[in-house]
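Some notes on the structure that comes next.
Just so it is clear, none of the values below were taken in a lab; they were calculated from the coordinates. Small disclaimer: the values here were computed from a predicted structure and weren't measured. FYI the Cβ positions are ideal-geometry reconstructions off the backbone, even for glycines, and counts take in every protein chain you see.
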Amino acid sequence: APDTRKGSYRTANVASEGASPSGWLTRKCGVDLNRYVLSLDLGTSSAHAFLVDRAGRPVAGSQAAMRYHRPQDGSDLAKEFHPSEVMDAVGEAVCKTLRKGRVSPKQVSAVGITSQGQGAVLMGLEDRELCCCPNIDLRAVFEGAALDDEAGPEIYATTGHFPSLLLAPARLRWFQAHRPDLMESASSVVSVAGWLGHRLTGEIASEAGLDCTLGLIDLSTRRHALPLLNRLKFPVELLPPVLGSGERLGCLRPELADKWGLPSGLPVILAGADTQCGLLGLGVTKPGQAGAVLGWSGSVHMVMPEPMLDLEARRTWSSCYSVDSMYTVEANLGDCGHAFNWLARTLSGGQFSLEEADRLAEQAPLGGDGVLAFLGPGPLSAPNAGLRMGGIIMPTPLTFQEPTTGQILRSYLESVAYSIKANMDTISEVTGRRAPYLCLGGSMSKSGVLAGALASVFEIPVRRVRDSQVSAVGAAAAAWVSAGDFSSLEDSVEGQQPDLEEFLPQPIQTAEYLDHYHRWLETFHSLAPEQ
């Protein structure tokens with residue numbers, strides 16, 4: 001098969017200069033790499049900490065697992081995290097990162113925080129945590145359905161998000177019905193990043209992009225949707241102030257600074273939701289540009305100068321973006337890296353690394369000789385697709401052909417490419433624009449099979465960042481503004497030096513993938529339950 005990486009594009013080919021990255025960038029770009037910011041990312045599966053230089057390059061990083069618990073008074077769908085456990089995980093990741101980076105505490109200039117969307121923390125008197133709900137907490141399914149029956153179209157038209165079971169108003173309605181004791185002592189409700197910011201500074205505030213994921217922001221005003229929330233009987237007195245992009249939340253507490261080995265008084269900011277920070281890390285800032293951030297879950301986005309909604313079918317989300325009062329139009333793929341990790345573990349007994357799995361997938365033919373995967377990503381945005389049947393479908397009887405491990409792995413990676421194409425087509429239908437190229441980042445972007453397949457399936461160039469930690473880079477861009485190095489987030493993003501590799505569509509593969517894609521679509525819809 002043709003090499004999908006021909007014509008690779010790199011903004012900074014450090015190796016060709018014959019020098020270290022820091023020396024090359026200091027000489028060529030005038031970038032001071034003796035100073036760093038610390039990016040903290042509370043994802044669904046892990047707490048990450050990265051040191052990022054002014055060129056937007058992570059120089060050291062570490063992670064610690066996020067643990068969740070089912071509350072004793074909750075259903076099987078309820079998930080919570082314990083604040084002390086998460087702070088221990090964050091502290092572990094920070095200390096490991098500082099040791100790996102071998103930097104002086106004086107070289108760290110600011111802290112930027114990003115986190116999973118849809119997660120919310122209910123705070124009580126004296127700013128004590130009452131309940132910490134991650135984005136996988138689904139206790140409010142029935143309350144969300146009731147809200148959608150009452151005001152679904154208005155909720156979507158105002159906040160750009162749907163369905164309500166994922167949003168803060170449904171969760172708080174659950175607490176009002178099942179834990180009124182907690183509501184009586186509640187003082188505020190914040191995003192997961194907002195909670196971590198409070199732990200670091202003692203201050204409580206929100207950020208528009210984060211609160212968009214909680215269904216709390218009116219897209220037309222970029223402020224809290226008070227008229228709608230009042231009609232939904234949401235306790236608006238619990239809403240903290242909304243900070244602007246790059247605006248300082250507070251300063252790092254002395255006791256944490258001492259514990260982690262950092263200077264006290266470091267500026268701390270809320271950079272935004274992890275997927276939007278991922279777009280910043282990809283350099284996606286202008287209208288019509290598009291990016292896919294593929295981690296534990298996956299999402300695709302297009303930047304637009306105004307909110308654009310799919311009012312009839314509600315297939316896409318729209319959120320406030322941090323850059324120059326822009327907005328994003330988003331489709332969510334659901335499980336992405338999570339499903340691939342499960343598949344690789346299951347096939348190998350826990351032995352495969354991503355690199356090994358990708359190597360095996362690369363050896364399999366395009367289309368996996370008829371093997372099709374349906375493990376989460378589909379042609380519909382995940383919140384609209386709902387629960388459905390899926391799995392790995394293969395030609396039978398097996399006496400004719402036994403699928404190899406590589407075929408099965410390739411079928412999943414190609415299903416992600418198909419899902420991105422279908423959902424980007426939906427975004428183009430909503431916005432009236434087609435992206436000239438697609439930027440790609442996140443842990444799953446390390447797969448060369450996926451990046452190459454995506455370019456040929458989507459028929460546009462795919463620009464993959466070689467360092468996949470794009471959310472950390474985006475959070476760092478916002479932190480550099482707070483540190484005083486840039487006057488605006490736009491300038492900070494433009495100052496990044498991403499190392500990009502371009503995958504170009506291959507005409508022969510594009511023609512072959514067209515048949516595979518349509519067969520995948522037809523099979524997906526045949527698995528849908530009859531209405």
Dipole moment magnitude, nearest 20 debye, the range 199-320 about Cα centre, only Lys, Arg, Asp, Glu C-beta charged: 80
So how many Å³ per residue does the convex hull of the Cα atoms of the range 354-411 work out to? 92
Which of the listed residues, PHE524, PRO240, LEU182, is farthest toward the dipole's positive end in the chain, when Lys, Arg count +1 and Asp, Glu count -1 at the beta-carbon? PRO240
For the chain, compute the number of Lys pairs whose alpha carbons are separated by less than 24 Å, excluding pairs fewer than 8 positions apart on the same chain. 10
Residue-ordered couplings for the range 406-417, obtained by feeding phi - 60° into the Karplus form 6.51 cos²θ - 1.76 cosθ + 1.60 and rounding to whole Hz (Gly and Pro as x), are x, 4, 5, 5, 5, 4, 5, 4, 5, 5, 5, 4
What value, in deg cm²/dmol to 500, does the helix sum -39500 (n - 2.57) over DSSP H runs of n ≥ 4 give at 222 nm once divided by the residues of the chain? -11500 deg cm²/dmol
For LEU249, other-chain or 5+-apart residues with amide H closer than 5 Å (H placed, Pro excluded) are VAL268, ILE269, LEU270
³J(HN,Hα) across the range 295-307 via Karplus (A = 6.51, B = -1.76, C = 1.60, θ = phi - 60°), whole Hz, x for Gly/Pro? x, 3, 10, x, 8, 10, 9, 10, 7, 9, x, 8, x
For LEU333, residues with placed amide H under 5 Å, excluding near neighbours: GLY298, SER299, VAL300, ALA382
For CYS131, residues with placed amide H under 5 Å, excluding near neighbours: LEU122
Can you give me the Cα centroid spacing of the range 261-301 and the range 341-400 in angstrom? 28
Quick calc of log₁₀ I(q)/I(0), the chain, Debye, one scatterer on every Cα, no solvent, q values 0.08, 0.09, 0.11 1/Å, result -0.49, -0.63, -0.95
Counting DSSP beta bridges in the chain, what percent are antiparallel, to the nearest 5? 75
Based on the mean of other beta carbon atoms within 10 Å per residue, what is the order of 479-485, 266-272, 309-315, 364-370, most packed first? 266-272, 479-485, 364-370, 309-315
Which whole-Hz couplings ³J(HN,Hα) result when phi for each residue of the range 494-510 is put into the Karplus expression 6.51 cos²θ - 1.76 cosθ + 1.60, θ = phi - 60°, listed in order with x for Gly and Pro? 5, x, 6, 10, x, 9, 10, 10, 9, 9, 9, x, 10, x, 5, 5, 4
Cα-centre dipole for the chain with unit charges at Cβ (Lys and Arg positive, Asp and Glu negative), debye to 20: 1160
